[in-house]
1. Using 0.36 nm per residue, how much length does the chain from Thr154 to Ser24 gain when fully extended, once their Cα-Cα distance is taken away?
2. Express in nm, to one decimal, how much length is gained between Lys125 and Tyr81 on full extension, taking 0.36 nm for each residue of separation and deducting their alpha carbon distance.
3. Using a 10 Å cut-off on Cβ atoms, rank the peptides 76-83, 190-197 from the highest mean neighbour count down.
4. Return, ordered by residue number, the residues of the range 172-187 whose backbone nitrogen is under 17 Å from a label point located 7 Å along Cα→Cβ of Ala207.
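Every number in this text was worked out from the coordinates using simple rules, so none of it is lab data. Being a predicted model, the structure only gives us computed values, none of them experimental. Here the Cβ is made from the backbone with ideal geometry for all residues, glycine too, and neighbour counts use every protein chain on show.
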Amino acid sequence: DGVNAAPARRDSSGVRLGLHYQTSLDTDLSVNAFYGRRDFDLAPSSDAAGSLASAERSWGYDAAWSKQLSSLSRLELGVEYRDASVELPAVGTASTPGGPSAVTNRTVGATGSYVGIPGPGHEVKLAFRARYIDLPLATSRPATIESAAFAGDTAGFSVGLNAEDSWSVSAPWTLVYGMGYRHVLADRDLAVLVPEVGGVYAAGPLAMRVVV
């Protein structure tokens, strides 16, 4: 493809900003945002043509809202966005030069959770997460990008639901059981149910949780 070496970094910089605002005694709002850039050079093969100066730009944010519904329940909602763009060098040879191209990875997500205490020693948790990930960069020329924001991700849509029930059986032991649901629409349509059962041991500063 005209490139035969890993990127050599020339310059990089970034900034992160965080904001937390307590809108009322029982409501919180927080936003975290970042922006970063990385300029690098790619070594061409012998017959490559065009500029090999390349650049990566990434930015995104997380926003979360939480509210204490009562002394025994709390609700949390969140959204996330990630964007990583790379200007790749020309793809071509001396006889057929090509111009630079830009490729962008994106992910959009939403989360939510509810925690309630219906009775002494009894806690209920409900949670969901939905994400859409677009990774055209991963199928272009993966040797040119090292974006940690997308490390290990798979392109496509996914949704997860979790319900968990905890009972304090007898101090310091707590019984935990629940059910999870995962649905992934990527290379193939995959849906699974994941039962969970385990326990928590908590005695003073020592706490251990085992759930399978």
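1. Values: separation 130, 0.36 × 130 = 46.80 nm, distance 3.88 nm.
That works out to 42.9 nm of additional length.
2. On the way: separation 44, 0.36 × 44 = 15.84 nm, distance 2.51 nm.
Length difference between fully extended and current span is 13.3 nm.
3. Details: 76-83: 16.2, 190-197: 11.0.
Descending mean neighbour count gives 76-83, 190-197.
4. Counting backbone N atoms under 17 Å from the label point, the list is 172-177.
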